[in-house]
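Data block below; observations after.
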Number of protein chains: 2
Amino acid sequence: MNLESPRSRYQQVADDLRDAIKRGDHPPGSTLPSQPELARRYGLNQTSINRAIAVLRAEGLVRVEHGRGAYVQEIPTVKRVRRIDKEHRPHTGSSAYAEEMRKSGLTPRTELVRVDTVIPPAEIAELFGLGETERTLIRHRHMFAEDVPLQIATSYIPMSYAGSTDLALPDTGPTGIYSRLAERGHEPVRFTEEIEVRAPDPAEARFLRISEGQPVFEVLRVAIDAQDRPVEACVNILAALQWRLSYSWRQEP
Amino acid sequence: MNLESPRSRYQQVADDLRDAIKRGDHPPGSTLPSQPELARRYGLNQTSINRAIAVLRAEGLVRVEHGRGAYVQEIPTVKRVRRIDKEHRPHTGSSAYAEEMRKSGLTPRTELVRVDTVIPPAEIAELFGLGETERTLIRHRHMFAEDVPLQIATSYIPMSYAGSTDLALPDTGPTGIYSRLAERGHEPVRFTEEIEVRAPDPAEARFLRISEGQPVFEVLRVAIDAQDRPVEACVNILAALQWRLSYSWRQEP
DNA sequence: TAGTGGTCTAGACCACTGC
DNA sequence: CAGTGGTCTAGACCACTAA
């Protein structure tokens with residue numbers, strides 16, 4: 001521990017632990033030494049050690065379980081692919097999400113938390129050009145892989161396109177929804193995805209099992225029909241440090 | 001200040017300040033009250049206040065300048081667009097980056113920091129299928145808008161495609177590079193972008209003027225030619241909390 | 001110089017886990 | 001119960017900024 005360094009001591013501890021993890025001294029799934037133990041080793045106060053570990057938490061390198069210890073993250077970096085060129089998504093019954101999970105060798109599971117009609121958030125209402133009292137169908141889902149929570153999905157469809165909540169039952173994923181929208185003459189032909197990173201709200205952090213300091217992706221996908229009307233909007237929330245988003249396209253000459 | 005709350009005091013202070021900022025009590029560009037002042041108001045220790053402000057920093061809501069104060073961020077959320085459907089990028093001489101900035105009403109500026117030949121990082125070498133001693137052309141650029149640093153771009157091209165560093169001079173942005181690759185028979189026809197979020201290294205944090213706790217986007221764009229060979233890889237680093245990435249495509253029926 | 005934020009300590013207490 | 005992490009304080013000192 002270099003006391004003269006311009007780098008603060010807790011940062012040096014964080015750097016040291018980070019290096020140790022990357023070297024494999026603390027393999028994924030194992031716990032770091034306890035804070036009092038680290039304090040002893042580095043000759044520092046527990047408060048400083050706690051702060052060093054907060055740095056590693058913010059980086060997604062460790063996950064702390066109160067009363068148990070600081071676990072080295074088993075880097076479950078998942079790849080989420082939007083393939084946009086010719087080889088498009090197959091028309092199987094299963095969702096793109098399920099396809100992606102299976103490709104990664106994981107068992108997907110989706111829990112349909114809520115189907116209802118609501119007055120949507122302002123951003124969504126504006127997108128659809130809805131008045132303040134107009135309602136949308138809402139589908140709120142929790143998605144898992146191997147029982148690990150991975151993603152929150154909330155989809156909105158204006159009632160004028162949806163007709164009734166029956167559209168969403170049983171839960172069939174977006175593919176099913178799109179087929180039913182197509183039957184009603186609102187087949188999506190164009191999509192946009194907007195990606196934002198922000199701090200999670202407490203509920204999101206709890207579900208995704210991350211601390212409130214860790215960023216999440218908020219991906220807004222909008223499906224647009226041939227008349228250029230947005231017919232569905234879907235908000236996905238993912239732990240940003242555990243995902244890699246991928247897009248692929250062919251440049252038209 | 002609710003001392004009995006399960007929510008810790010520094011979190012309550014952070015919540016309170018966050019609400020005040022969103023209400024407009026502390027407009028963008030202004031400073032928060034000093035830490036000793038806040039400590040007095042909330043009846044807490046300065047250490048706790050400091051911690052509360054660390055939360056807001058991690059969220060990108062405030063930017064702290066040592067010795068000066070904690071400034072409320074003038075949320076310069078920039079939109080970076082990949083338009084993938086028919087109306088493709090115009091073949092003007094200027095880069096996609098410059099186009100995007102002008103669309104947002106900002107004056108772009110690019111600084112060519114370095115043009116050289118190097119042995120690339122392992123990830124890049126693997127992508128190109130290069131041996132451990134094979135070199136690539138490297139173009140390292142810093143990009144600004146209104147003199148605010150916005151983006152770091154590092155592009156790699158295997159020497160077998162580039163021929164010499166002349167390819168990169170003068171700096172013309174990717175469009176120019178792609179034209180010259182086309183002249184050499186390696187016109188890119190397909191692209192992939194992979195988006196990751198991670199903690200910045202100290203140099204990146206310093207250049208982007210963010211604290212080390214704030215996440216950055218690492219966007220890896222790979223250009224692929226008609227023979228399915230990757231011919232260029234470009235790594236972009238952006239402050240994740242200040243950007244919104246946007247993709248748009250047409251679904252083939 | 002005075003005012004700002006950043007770090008550190010010693011010691012305390014609490015909440016949670018698991019035996 | 002002992003061991004874990006989480007929070008808080010009082011007080012101190014440092015580094016940076018601005019007058």
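The values are calculated or read from the model by the stated rules, or taken from the named source; none is laboratory data. Owing to the predicted nature of the structure, the values given are computational and were not obtained by experimental measurement. When we count neighbours, we look across all protein chains shown, and the Cβ atoms used for this are built from the backbone with ideal geometry, even at glycine. The protein model used for the area step is the full one, side chains on, heavy atoms only, and it has no ligands, DNA or RNA in it. Shrake-Rupley method; radii C 1.70, N 1.55, O 1.52, S 1.80 Å.
Here are a few things to note about the model shown:
- Backbone phi angles across the stretch A:129-138, fed through the Karplus curve with coefficients 6.51, -1.76 and 1.60 (θ = phi - 60°), yield HN-Hα couplings of x, 8, x, 5, 9, 7, 9, 10, 6, 10 Hz in residue order; Gly and Pro are listed as x.
- Subtracting the Cα-Cα distance of B:GLU74 and B:PHE144 from 0.36 nm times their residue separation leaves 23.6 nm of extension gain.
- Counted residue by residue at 0.36 nm each, then reduced by the alpha carbon distance between them, the extension gain from A:ALA226 to A:ASP201 reaches 5.4 nm.
- For the peptide A:216-222, the mean number of other protein chain Cβ atoms found within 10 angstrom of a residue's Cβ is 2.
- Couplings 3J(HN,Hα) of the stretch B:42-54, computed from phi: 8, x, 10, 6, 4, 4, 5, 4, 4, 5, 4, 5, 4 Hz, in residue order, whole Hz [Karplus 6.51 cos²θ - 1.76 cosθ + 1.60, θ = phi - 60°; x for Gly and Pro].
- The HN-Hα couplings worked out from phi for the stretch A:18-27 by the Karplus form 6.51 cos²θ - 1.76 cosθ + 1.60 (θ = phi - 60°) are 4, 4, 4, 5, 5, 6, x, 5, 10, x Hz, whole numbers, x standing for Gly and Pro.
- In terms of its Cα atoms, the stretch B:172-253 spans 43, 35, 19 Å along the principal axes, sorted from long to short.
- Residues whose amide H falls under 5 Å from that of A:GLN73, counting only those 5 or more places apart or on a different chain, are A:GLY29, A:VAL62, A:ARG63, with hydrogens built in the peptide plane.
- For the stretch A:197-243, dividing the convex hull volume of the Cα atoms by the residue count gives 76 Å³ per residue.
- Averaged over the residues of peptide A:57-65, the number of Cβ atoms from other protein chains lying within 10 Å of each residue's Cβ is 2.
- For residues of B:193-203, the mean tally of beta carbons on other chains within 10 Å: 6
- Ranking by accessible area, most exposed first, for A:ARG41, A:ARG221, A:ARG244 with a 1.4 Å probe: A:ARG41, A:ARG244, A:ARG221
- Computed from the Kirkwood radius of its Cα pairs, the Stokes-Einstein diffusion coefficient for the stretch B:9-72 at 25 °C and 0.890 mPa s stands at 214 µm²/s.
- Modelled spin labels at A:GLU37 and B:GLU126, positioned 7 Å past Cα toward Cβ, are 3.1 nm from each other.
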